[in-house]
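Visitor: Sharing a structure below in structure tokens format, with a few things to ask.
The values are calculated or read from the model by the stated rules, or taken from the named source; none is laboratory data. Since we're looking at a predicted model, the values are computed, not measured. All accessible areas refer to the heavy atoms of the entire protein, side chains included, with ligands and DNA or RNA removed. Shrake-Rupley method; radii C 1.70, N 1.55, O 1.52, S 1.80 Å.
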Amino acid sequence: MHPKLTLRVQSVSLVVGAILAATALPSAAASAAPPPKPGAPSTPYGCSVKKGPWDCLAQCESNGRWDTNTGNGFYGGLQFYQPTWEQYGGLKYAPRADLATKKEQIKVAEKVLEAQGWGAWPSCSKKVRVERIDGRVHRVKAGETLSSIARLYHVQGGWQALYKANRSVVGSRPDRISVGEVLVIPGRPAAEQD
């Protein structure tokens, strides 16, 4: 073989070898992630299931930014369409959802949820399986308290656990819940616990 041809073949071999080494898949040992613990809560978008469905939905809709206004005609953490914001009482709080607080946006979202269900957020409610997060939800009725709701659902830890799961909705006064608020009921329904 000619010396120049041998040098070219060796150079090509080195380049091809370097490319293959750089693009090779990591070994199974190096890439193996620990398996998830059975029953461990997990959702897409890295949202915390302990914060409840609204935070997880907002994580999908707006990366969890409650003041989002990207100019696409949808506003706030839950990406309200302006006519929807107006129809469900949002103007009581702010001209647009992105100008309202998280708690105010959730209050409007609860009304939308009551009228339209989770399908009002068609893509993200399916992606984060929001209806499954922390089990169940309860809409507060007149005369109810956190204690009575905790008893109704047999919440382990009582009203304190119920409050902890819903502090972002209820606010700093657990003795003042509002009719119509949607609360996440922590734990699993009794039928699923067996």
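Visitor: Between segment 59-87 and segment 88-110, what is the C-alpha centre distance in whole Å?
Guide: Value for the Cα centre distance between the two parts: 10 Å.
Visitor: Compute, for Arg173, the solvent-accessible surface of its heavy atoms (probe 1.4 Å) with the complete set of protein chains present, and express it in square angstrom to the nearest 10.
Guide: Result for Arg173: roughly 110 Å² accessible.
Visitor: Would you mind listing how long segment 62-164 runs along its three principal axes, going by Cα atoms, in whole Å with the largest first?
Guide: Extents along the principal axes, in whole Å: 45, 30, 23.
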